[in-house]
Amino acid sequence: MSKIRNKIYIETYGCQMNFADTELVMGILKNQGYELAKEIDDANVILLNTCSIRDNAEQKIYSRLEHLRGNKRRKPGTVVGILGCMAERLRKNLIEEKKIVDLVVGPDEYRRLPEFIDSAFGGEKGIGVKLSRTETYDDIIPHREDGLNAWISVMRGCDKFCTFCVVPFTRGRERSRSLGTIIEEIKQLSARGFREVTLLGQNVNSYSDNENDFADLLAASAKVDDSIRIRFTTSHPQDLSDKLLYTIAEHPNICNYIHLPVQSGSNRILELMNRTYTIEHYLNLIDKARATIPGVSFSTDIIAGFPGETIEDHFMTLEVIQKVRYDGAFMFKYSPREGTKAFDMIDDVSEEVKAKRLNDIIDLQHKISFEINQSEIGTEKIILVEGSSKKSDDFLAGRTDTNKITVFPKNDEIAVGDYVKVKINRATSATLFADFLETVIPLNEKLIARR
Ligand code: SAH
Ligand code: SF4
Ligand code: F3S
């Protein structure tokens, strides 16, 4: 009797940590002899790696599940599984309420996935949602396609308990990988021709492997290969140390870009959110970073319409955006999440007012991004070339050190993975346009071989 080859297809939703987890899951499954399907129709195991951060993230998964009924009808016996934060938050309810779901596996139980998949083929529904204080998957080699950018989760979980946020409940307590294995992974990425590594954690500043803190990890990562750019996210304003700022300033290949979520401009709201800093502390930090790291740019996250937010609080948020002048921002309407502290506060800002405030915030941020980008015209930038521009094959696109998409004409001298110097000649709020000046770093051999 021939053994059926199981072919897995994974769709990923949510934050970069989920994308990194999908690569871990693929690593685990490949080790066990599973094959990965390129097309969903070739798969007999369909896994959705999900996000719970806001209600609309979960609604997207419910409609995806409706759609997958068709796949199951066309190919009976197909296994459908939910991974990630929704698996952790909703647990057996997902299996009870959505008959199409065969397995539910949370972020700390991925090692057991092969076991759950096998039982699902035997007709048994499987649930693995225990959170762990120690699991970091430190020994698992993630499955990564060749490319330029790699994400590495250096820590898991979050201990901050911001009152609006599900992450501490879906990802559990903070724990870090060891510096040694992370550096080893970056060495392998360097040998494969990767050019950018993003170190990930919900709060990377609290990284600690008992000997090294996050600044140590950044410095060690930067030293592996000076043609690899190092990025990191997310920094919490409470824990961003002077040592970290000096480390960023010291290493040319650590990007001058800090994602520093402020959430609100009002101290009263920050306290209700349990963010543990004041606006004065936050602005002071921005000043210090600007003094320490010339040319540093910032992005942020903002929530509009948190419980109890008055129009004055909202104006304070607009004011902080104006004071900092962020290069970019992720902006959201508050979404109540069951089980969080804020869920018990009265969600008293109407949907209409939330939408209006969010629009004010988006409009202001767009205006600032546009002005900042206009001021870049005439300056020279170093770009990592990532591929053709989205809009035209006659143009290449890449990003500056400060994470801005830059587009310039294609030219035979330039290949994907090169660093090039360009001069900005035009800008919108989202994109810089430039003329090519010169290639600045010779290609490494791996990339030449891949051309
Ligand atoms: N760990 C990161 C971000 C985690 S989630 C940090 O601390 O900044 C990404 C962003 O989603 C948050 O920064 C916040 O702005 C937003 N967010 C989280 N929970 C939310 C909720 N219940 N409603 C709306 N936005 C939320
Ligand atoms: Fe959520 Fe706050 Fe942790 Fe970020 S720091 S993941 S917002 S609890
Ligand atoms: Fe979403 Fe979970 Fe990330 S809730 S934002 S996928 S940690």
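The values are calculated or read from the model by the stated rules, or taken from the named source; none is laboratory data. Treat the numbers as computed from the prediction; the structure is a model and nothing was measured. Neighbour counts are summed over all protein chains in view; Cβ atoms, including those assigned to glycine, are modelled from backbone coordinates with ideal geometry. Heads up: the accessible areas ignore ligands, DNA and RNA and are worked out on the full protein's heavy atoms, side chains in. Shrake-Rupley method; radii C 1.70, N 1.55, O 1.52, S 1.80 Å.
Before moving on, here are some points about what is shown:
- Any hit, the range 361-375, residues being surrounded by 13 or more Cβ atoms within 10 Å (Cβ to Cβ), assigned to a loop (DSSP other than H, G, I, E, B) and free of Cβ contacts under 8 Å to residues at least 40 places away in the same chain: no
- Test: residue 302 is within 16 Å of ligand 3 (Cβ to nearest atom), touching a residue at least 12 places away in the same chain (Cβ under 8 Å), under 21 Å from the mean Cα position of the chain (by Cα) and surrounded by 22 or more Cβ atoms within 10 Å (Cβ to Cβ): yes
- Filtering the range 1-50 to residues that are closer than 17 Å to residue 200 by Cα, among the acidic types (Asp, Glu) and in contact with a Lys or Arg (Cβ under 7 Å, 6 or more places away or on another chain) leaves only 23.
- Checklist (1) outside any strand (DSSP E or B); (2) away from ligand 2 (no atom under 16 Å from the Cβ) applied to residue 161, failing item: (2)
- Whichever residue in the range 193-232 is among the small types (Gly, Ala, Ser) and part of a helix (DSSP H, G or I) and, among such residues, is surrounded by the fewest Cβ atoms within 10 Å (Cβ to Cβ): 220
Matching residues to (1) over 22 Å from residue 233 (Cβ atoms); (2) open to solvent by 60 Å² or more (accessible area, probe 1.4 Å); (3) within 16 Å of ligand 1 (Cβ to nearest atom):
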site: 25; (1), (2), (3): no, no, no
site: 35; (1), (2), (3): yes, yes, no
site: 57; (1), (2), (3): no, no, yes
site: 67; (1), (2), (3): yes, yes, no
site: 88; (1), (2), (3): no, no, yes
site: 96; (1), (2), (3): yes, yes, no
site: 99; (1), (2), (3): yes, yes, no
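- In the condition set (1) modelled with pLDDT under 95; (2) under 19 Å from the mean Cα position of the chain (by Cα), residue 76 is compliant with all but (2).
- Within the range 263-280, residues that are among the aromatic types (Phe, Trp, Tyr) sit with their Cβ atoms under 6 Å from residues that are at pLDDT 95 or above, at 6+ positions apart or across chains, in these pairs: 277/237.
- The range 394-428: number of residues that are at pLDDT 95 or above and among the small types (Gly, Ala, Ser): 3
- Residues (within 16 Å of ligand 2 (Cβ to nearest atom) and of a type outside the set (D, E, K, R)) located in the range 209-240: 214, 232, 233, 234, 235, 236, 237, 238, 240
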